[in-house]
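Visitor: Once you've had a glance at the structure underneath, I'll fire off some questions.
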């Protein structure tokens with residue numbers, strides 16, 4: 001155990017700290033941008049899923065199929081699927097972008113149902129009022145449905161994103177320099193596994209725990225303000 | 001030529017037939033009332049006219065122009081000329097009164113904001129709510145919300161106003177303010193098709209009463225004819241029950 | 001795009017895929033069933049256990065649910081040797097999965113415990129049930145019915161998460177696919193076969209879990 005104490009100053013050298021700092025940055029960037037992209041795709045997928053009309057059956061079917069399939073494939077496998085598919089067309093793609101796309105696909109599949117549930121929670125009557133005013137699907141979505149459903153949709157999305165931080169630990173295997181694999185590198189350089197992975201675990205905890213609490217607090221907060229709203233309506 | 005002519009309209013809802021062969025006509029400036037027990041299809045007629053419920057047969061002709069409910073463009077054109085006010089007011093909860101009233105003219109009809117807002121103030125004054133322009137629906141009483149819903153419908157300058165049991169969800173003391181508003185509209189010559197349970201009001205304001213039961217038209221006549229001298233058994237039974245209180 | 005798909009070369013190695021799939025399922029079963037008792041214990045401690053135990057239990061659960069499973073595996077595999085404990089990679093992975101199940105399972109079960117209605121208990125008592133009878137006939141069925149869908153869903157998630165074991169060199173399904181790919185260079189085909197197998201396995205799992213839920217516990221879960 002004293003070898004850990006001996007290693008401390010070498011471990012916490014400036015280059016290492018910068019390395020770890022960058023790695024944390026990469027982890028955060030991947031999570032944030034990948035999931036945000038995923039939320040956008042998920043929204044489009046839900047719009048596709050709700051397109052009326054017989055001609056839209058393949059569109060609706062594709063939307064459902066996409067979600068059901070990619071929810072049943074591990075993230076690591078999805079990442080490799082994206083990588084191998086892209087490599088056919090682009091010989092030397094940016095691994096960061098490849099992983100970003102994989103994250104987006106994964107996030108899309110998992111959040112599409114959250115978003116859809118939120119939209120479907122809006123009372124039919126609001127949508128009928130918009131229909132009789134000739135709103136059309138997209139205007140109804142932007143002026144009526146989204147403004148009223150985001151308190152229900154946003155907290156689960158945030159919680160998903162925060163939980164995903166842990167999944168980014170897998171992409172290092174593909175060659176992206178995120179936190180977990182930087183830790184592995186340092187371990188390879190000879191630093192004690194307990195020290196390295198203890199510190200890395202702590203860093204993940206500091207990223208994940210406060211944001212998770214925030215997401216849960218937001219969920220409670222938005223839920224109570226909505227129930228206050230409906231209390232007032234009952235007058 | 002009647003303002004609105006409905007011929008042999010049929011509709012079904014989840015394989016249950018709710019309207020059978022319904023015909024009625026509405027002249028310009030006329031106020032017609034649809035009465036009858038719950039489930040008789042009164043609201044369904046309004047919903048079919050606005051394209052909210054599918055019609056399985058028959059047709060509707062607005063001022064000489066037939067409405068093709070299979071064509072999205074035709075339905076949009078019909079919605080341009082008719083407006084509906086719902087029992088549950090259906091105001092957009094995320095917008096204040098002014099925005100609720102002006103959003104359709106501004107965004108859909110693309111009229112300039114200043115012009116629409118000036119008009120909106122006048123309409124809100126007409127329904128007695130000019131000072132509530134910046135309030136949100138959850139800050140208003142049911143009667144006030146319903147009057148805003150009427151204002152919202154009027155902002156589109158419809159030719160025909162459809163009112164679907166607009167006082168049924170209100171506390172009794174709030175009903176009159178809404179009825180007053182409708183009286184005013186009738187006086188100003190608005191063509192209206194009203195579904196209502198308020199028989200005294202129907203008697204006062206409607207020039208034609210259509211009694212319905214189980215999706216069919218049972219009897220048509222003036223209020224005096226229907227309420228005092230109902231011809232069919234069913235009408236007599238219904239009138240007897242409702243006039244007892 | 002001038003890529004010709006050659007699934008044949010890949011599919012001839014189906015036994016290795018199936019071996020990998022079997023390891024995936026074994027890992028998931030081990031992680032779940034070894035971890036579930038701990039989850040139950042922790043859930044009990046957190047709801048009605050002694051006060052001195054509640055805080056450590058909460059800390060344990062909070063800690064484990066905020067750290068990637070891979071880091072836990074590496075910590076065990078590369079860290080423990082420093083203090084003289086040498087586990088092989090399988091043991092490390094299983095321990096990590098058990099720990100994860102104990103933490104997430106605890107939260108699921110705790111939610112179930114907390115959902116037991118006072119009203120149901122009081123009603124049963126007024127009908128003459130003794131405490132143990134109340135627990136067995138009223139509370140336990142209610143809790144089981146509440147927990148079952150969440151646990152079934154967790155099991156599926158756990159199965160999918162076993163793919164991280166390939167990073168430490170275990171030839172579960174993902175590892176097998178990549179190994180085959182490394183030998184015949186049919187990357188996309190191999191990983192697609194793995195993906196299809198994951199879909200089939202998890203679909204079969206959710207179907208059977210949903211059916212068991214309906215018959216045994218009268219839990220209405222979506223088949224999907």
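Visitor: Would you point out which residue out of C:190, C:208, C:163 is loosely packed, with under 14 Cβ neighbours inside 10 Å and out of contact with any strand residue (DSSP E or B) (no Cβ under 7 Å at 6 or more places or on another chain)? Spell out the reasoning first.
Guide: Working: C:190 fails: loosely packed, with under 14 Cβ neighbours inside 10 Å; C:163 fails: loosely packed, with under 14 Cβ neighbours inside 10 Å.
One residue alone meets the criteria, C:208.
Visitor: Could you pull out the residue among A:163, A:130 that is at pLDDT 90 or above, within 14 Å of chain B (Cβ to nearest Cβ) and out of contact with any strand residue (DSSP E or B) (no Cβ under 8 Å at 6 or more places or on another chain)?
Guide: Working: A:163 fails: within 14 Å of chain B (Cβ to nearest Cβ).
Exactly one residue qualifies, and that residue is A:130.
Visitor: Out of region C:111-141, which residues are within 28 Å of residue C:58 (Cα to Cα), assigned to a loop (DSSP other than H, G, I, E, B) and out of contact with any helix residue (DSSP H, G or I) (no Cβ under 7 Å at 6 or more places or on another chain)?
Guide: If the condition is that a residue be within 28 Å of residue C:58 (Cα to Cα), assigned to a loop (DSSP other than H, G, I, E, B) and out of contact with any helix residue (DSSP H, G or I) (no Cβ under 7 Å at 6 or more places or on another chain), then C:117 is the only one that fits.
Visitor: Are any residues in region A:73-92 within 8 Å of another protein chain (Cβ to nearest Cβ) and assigned to a loop (DSSP other than H, G, I, E, B), and if so, which ones?
Guide: Selection gives A:73, A:74.
Visitor: Only one of B:155, B:149 is closer than 21 Å to residue B:206 by Cβ and within 11 Å of another protein chain (Cβ to nearest Cβ). Can you tell me which? If you could, list the steps in order and put the result at the bottom.
Guide: Values: B:155 fails: closer than 21 Å to residue B:206 by Cβ.
Result: B:149 is the single residue among B:155, B:149 that is closer than 21 Å to residue B:206 by Cβ and within 11 Å of another protein chain (Cβ to nearest Cβ).
Visitor: Just to be sure I understand, how many residues within region C:169-185 are crowded, with 20+ Cβ neighbours inside 10 Å and not in a helix (DSSP H, G or I)? Reasoning before the result, please.
Guide: Our first condition is that a residue be crowded, with 20+ Cβ neighbours inside 10 Å; within region C:169-185, this holds for C:170, C:172-178, C:180-181.
In the following step, the residues that additionally are not in a helix (DSSP H, G or I) were identified as C:170, C:172.
Result for region C:169-185: 2.
Visitor: Continuing with the same structure: With the condition kept exactly as written, say whether any residue in region B:198-221 is surrounded by fewer than 23 Cβ atoms within 10 Å (Cβ to Cβ) and closer than 29 Å to residue B:110 by Cα.
Guide: no
Visitor: Could you run through region C:75-91 and say how many residues are under 21 Å from residue C:20 (Cβ atoms) and within 11 Å of chain A (Cβ to nearest Cβ)?
Guide: Of region C:75-91, the ones under 21 Å from residue C:20 (Cβ atoms) are C:77, C:88-91.
Those still in the list that are within 11 Å of chain A (Cβ to nearest Cβ) too: C:77.
Total meeting the criteria: 1.
Visitor: Based on what the data block shows, is residue A:6 within 14 Å of chain C (Cβ to nearest Cβ) and over 28 Å from residue C:156 (Cβ atoms)?
Guide: Working: within 14 Å of chain C (Cβ to nearest Cβ): yes; over 28 Å from residue C:156 (Cβ atoms): yes.
For residue A:6, the condition - within 14 Å of chain C (Cβ to nearest Cβ) and over 28 Å from residue C:156 (Cβ atoms) - is met.
Visitor: Could you please let me know if residue A:192 is within 9 Å of chain C (Cβ to nearest Cβ) and under 22 Å from residue A:108 (Cα atoms)? Outline the logic, then answer.
Guide: Working: within 9 Å of chain C (Cβ to nearest Cβ): yes; under 22 Å from residue A:108 (Cα atoms): no.
Criteria not met by residue A:192.
Visitor: Hey, residue A:100 hits all of (1) within 14 Å of chain C (Cβ to nearest Cβ); (2) part of a helix (DSSP H, G or I); (3) crowded, with 17+ Cβ neighbours inside 10 Å but one; which does it fall short on?
Guide: If we test residue A:100 against (1) within 14 Å of chain C (Cβ to nearest Cβ); (2) part of a helix (DSSP H, G or I); (3) crowded, with 17+ Cβ neighbours inside 10 Å, just (1) comes out false.
Visitor: So which residues in region B:160-196 are part of a loop (DSSP other than H, G, I, E, B) and in contact (Cβ under 8 Å) with a residue 60 or more places away in the chain? Outline the logic, then answer.
Guide: Quick first cut of region B:160-196, residues part of a loop (DSSP other than H, G, I, E, B) only: B:165-171, B:188-190, B:196.
Result: B:165, B:166, B:168, B:169, B:189, B:190, B:196.
Table: residues versus (1) at negative phi; (2) more than 8 Å from chain A (Cβ to nearest Cβ); (3) over 17 Å from the mean Cα position of the chain (by Cα); (4) free of Cβ contacts under 8 Å to residues at least 40 places away in the same chain.
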site: C:150; (1), (2), (3), (4): yes, yes, no, no
site: C:155; (1), (2), (3), (4): yes, yes, no, no
site: C:164; (1), (2), (3), (4): yes, no, no, no
site: C:178; (1), (2), (3), (4): yes, no, yes, yes
site: C:182; (1), (2), (3), (4): yes, yes, yes, yes
site: C:189; (1), (2), (3), (4): yes, yes, yes, no
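Visitor: Residue B:94 versus (1) in a helix (DSSP H, G or I); (2) facing chain A (nearest Cβ under 10 Å); (3) crowded, with 17+ Cβ neighbours inside 10 Å: which is the lone unmet condition?
Guide: Answer for residue B:94: the failing condition is (1).
Visitor: Would you check if residue A:44 is more than 10 Å from every other protein chain (Cβ to nearest Cβ), closer than 23 Å to residue B:72 by Cβ, assigned to a helix (DSSP H, G or I) and within 16 Å of the chain's Cα centre (by Cα)? Break it down into steps so the answer makes sense when it comes.
Guide: Working: more than 10 Å from every other protein chain (Cβ to nearest Cβ): yes; closer than 23 Å to residue B:72 by Cβ: yes; assigned to a helix (DSSP H, G or I): yes; within 16 Å of the chain's Cα centre (by Cα): yes.
The answer is yes for residue A:44.
Visitor: Quick one: which residue in B:48, B:85 is touching a strand residue (DSSP E or B) at 6+ places or on another chain (Cβ under 7 Å), facing chain A (nearest Cβ under 10 Å) and surrounded by 20 or more Cβ atoms within 10 Å (Cβ to Cβ)?
Guide: On the way: B:48 fails: facing chain A (nearest Cβ under 10 Å).
Going through B:48, B:85 in turn, the sole match is B:85.
Visitor: Give the number of residues within region A:206-226 that are farther than 17 Å from residue A:114 by Cα and within 17 Å of the chain's Cα centre (by Cα). Please lay out each step first, then the result.
Guide: Going residue by residue through region A:206-226, those that are farther than 17 Å from residue A:114 by Cα are A:206-214, A:217, A:221, A:224-226.
Subsequent filtering for residues that are within 17 Å of the chain's Cα centre (by Cα) retains A:207-214.
Summing the residues that are farther than 17 Å from residue A:114 by Cα and within 17 Å of the chain's Cα centre (by Cα) in region A:206-226 gives 8.
Visitor: Given (1) within 24 Å of residue A:142 (Cβ to Cβ); (2) under 20 Å from the mean Cα position of the chain (by Cα); (3) outside any helix (DSSP H, G or I), identify the lone condition not met by residue B:111.
Guide: Residue B:111 satisfies every listed condition except (2).
Visitor: Now a separate question. Go through region A:168-180 and report how many residues are surrounded by fewer than 22 Cβ atoms within 10 Å (Cβ to Cβ) and either over 21 Å from residue A:16 (Cα atoms) or without any contact (Cβ under 8 Å) to a residue 24 or more places away in the chain (or both).
Guide: 1
Visitor: Still on this model: Suppose we filter C:53, C:59 for residues that are without any contact (Cβ under 8 Å) to a residue 12 or more places away in the chain, over 28 Å from residue A:173 (Cα atoms), loosely packed, with under 15 Cβ neighbours inside 10 Å and within 14 Å of another protein chain (Cβ to nearest Cβ); which single one remains? Steps first, answer last, please.
Guide: On the way: C:53 fails: within 14 Å of another protein chain (Cβ to nearest Cβ).
Testing whether each residue is without any contact (Cβ under 8 Å) to a residue 12 or more places away in the chain, over 28 Å from residue A:173 (Cα atoms), loosely packed, with under 15 Cβ neighbours inside 10 Å and within 14 Å of another protein chain (Cβ to nearest Cβ) leaves just C:59.
Visitor: Let me ask something additional. Taking residue A:142 as meeting all but one of (1) within 14 Å of chain B (Cβ to nearest Cβ); (2) in contact with a helix residue (DSSP H, G or I) (Cβ under 8 Å, 6 or more places away or on another chain), write down the number of the exception.
Guide: Failed condition: (2).
Visitor: Hand me the list of strands (runs of 3 or more DSSP E) wholly inside region B:3-48 holding 3 or more residues that are farther than 11 Å from residue B:192 by Cα.
Guide: On the way: elements: B:4-13, B:16-26, B:31-35.
Here the list reads B:4-13, B:16-26.
Visitor: Let me ask another. Is there a residue being out of contact with any strand residue (DSSP E or B) (no Cβ under 9 Å at 6 or more places or on another chain), facing chain A (nearest Cβ under 9 Å) and either surrounded by 19 or more Cβ atoms within 10 Å (Cβ to Cβ) or free of Cβ contacts under 8 Å to residues at least 12 places away in the same chain (or both) anywhere in region B:113-135? Let's see the steps before the verdict.
Guide: First, pick out the residues of region B:113-135 that are out of contact with any strand residue (DSSP E or B) (no Cβ under 9 Å at 6 or more places or on another chain): B:113-135.
Cutting the leftovers down to facing chain A (nearest Cβ under 9 Å) gives us none.
No, that holds for no residue.
Visitor: Just to be sure I understand, how many residues within region B:168-196 are closer than 27 Å to residue B:24 by Cα, touching a helix residue (DSSP H, G or I) at 6+ places or on another chain (Cβ under 8 Å) and surrounded by fewer than 18 Cβ atoms within 10 Å (Cβ to Cβ)?
Guide: The number of residues fulfilling the criteria is 3.
The values are calculated or read from the model by the stated rules, or taken from the named source; none is laboratory data. All values derive from a computational prediction rather than experimental measurement. Note: ideal-geometry Cβ built from the backbone for every residue, glycine included; neighbour counts use all protein chains shown.
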